Structure formats: C-alpha cells, structure tokens
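Notes follow once the structure below has been shown.
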Amino acid sequence: MESSKHGMSCHGNPAAADRAPDPSTPRQLPAERIYAALTSGVMKVQAQNLTDEEKRRVAEFMSGRPLGSAESGDAKNMLNHCRLIRCRG
C-alpha cells in the first residue's frame, strides 16, 4: 500500500519520534479514530491529497479492522456476556 510507505516516513522514523507515534500505536486504535484523525484531526494536513475512500482504506489498514466494527467487539454487545467481574460456572 503506497500510503503505508508514505506513513513510514514519519511513523517508525526515529528522527520524527517526537512528532509521530510508532506504527504499533495506530494498530491499537479503532479504524474510526484513525479516520477521524485523517479527516478532521491531527493528520488532516498530511491526508489532504487523499480521497475519502483512500482515507477509509488507510484507517482500516492501520487498525487492522473495518470501519464500523469498533462496537462489535465490546462485551456489552455480546450475547450471554458475563456481567460479573469474574464468571462463575
């Protein structure tokens, strides 16, 4: 992905460590948060030449998850989830 090569010029570059987090940091974020950074947040200027579809793809690639999946993994949305700190069998 061409965007990942461009992103590595800052993310993962020791010379830019004070301005850009390591590439492992965005992978811990939901795609929605990365997309927000690209469209209206701290990465808006860097992403200004990307189409909206490209921004969506970058967000999904960097997070490793599709947009719209942030809440699906939340325990509160799972059937039969344990409501106690520790489940008792």
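The values are calculated or read from the model by the stated rules, or taken from the named source; none is laboratory data. A quick note: this is a predicted structure, and the numbers were derived from the prediction, not measured. Reconstructed Cβ throughout: ideal geometry from the backbone, glycine too, with neighbour counts over all protein chains shown.
Among the residues of region 13-24, are any modelled with pLDDT under 75, surrounded by 15 or more Cβ atoms within 10 Å (Cβ to Cβ), in contact with a helix residue (DSSP H, G or I) (Cβ under 8 Å, 6 or more places away or on another chain) and assigned to a loop (DSSP other than H, G, I, E, B)?
For region 13-24, residues modelled with pLDDT under 75, surrounded by 15 or more Cβ atoms within 10 Å (Cβ to Cβ), in contact with a helix residue (DSSP H, G or I) (Cβ under 8 Å, 6 or more places away or on another chain) and assigned to a loop (DSSP other than H, G, I, E, B): present.
Restricting attention to region 25-56, and to residues there that are of a type in the set (Lys, Arg) and in contact with a Leu (Cβ under 9 Å, 6 or more places away or on another chain), which single residue is surrounded by the fewest Cβ atoms within 10 Å (Cβ to Cβ)?
Pass one, region 25-56, residues of a type in the set (Lys, Arg): 27, 33, 44, 55-56.
Restricting the remaining residues to those that are in contact with a Leu (Cβ under 9 Å, 6 or more places away or on another chain) gives 44, 55-56.
Working: Lys44: 13, Lys55: 21, Arg56: 18.
That would be Lys44.
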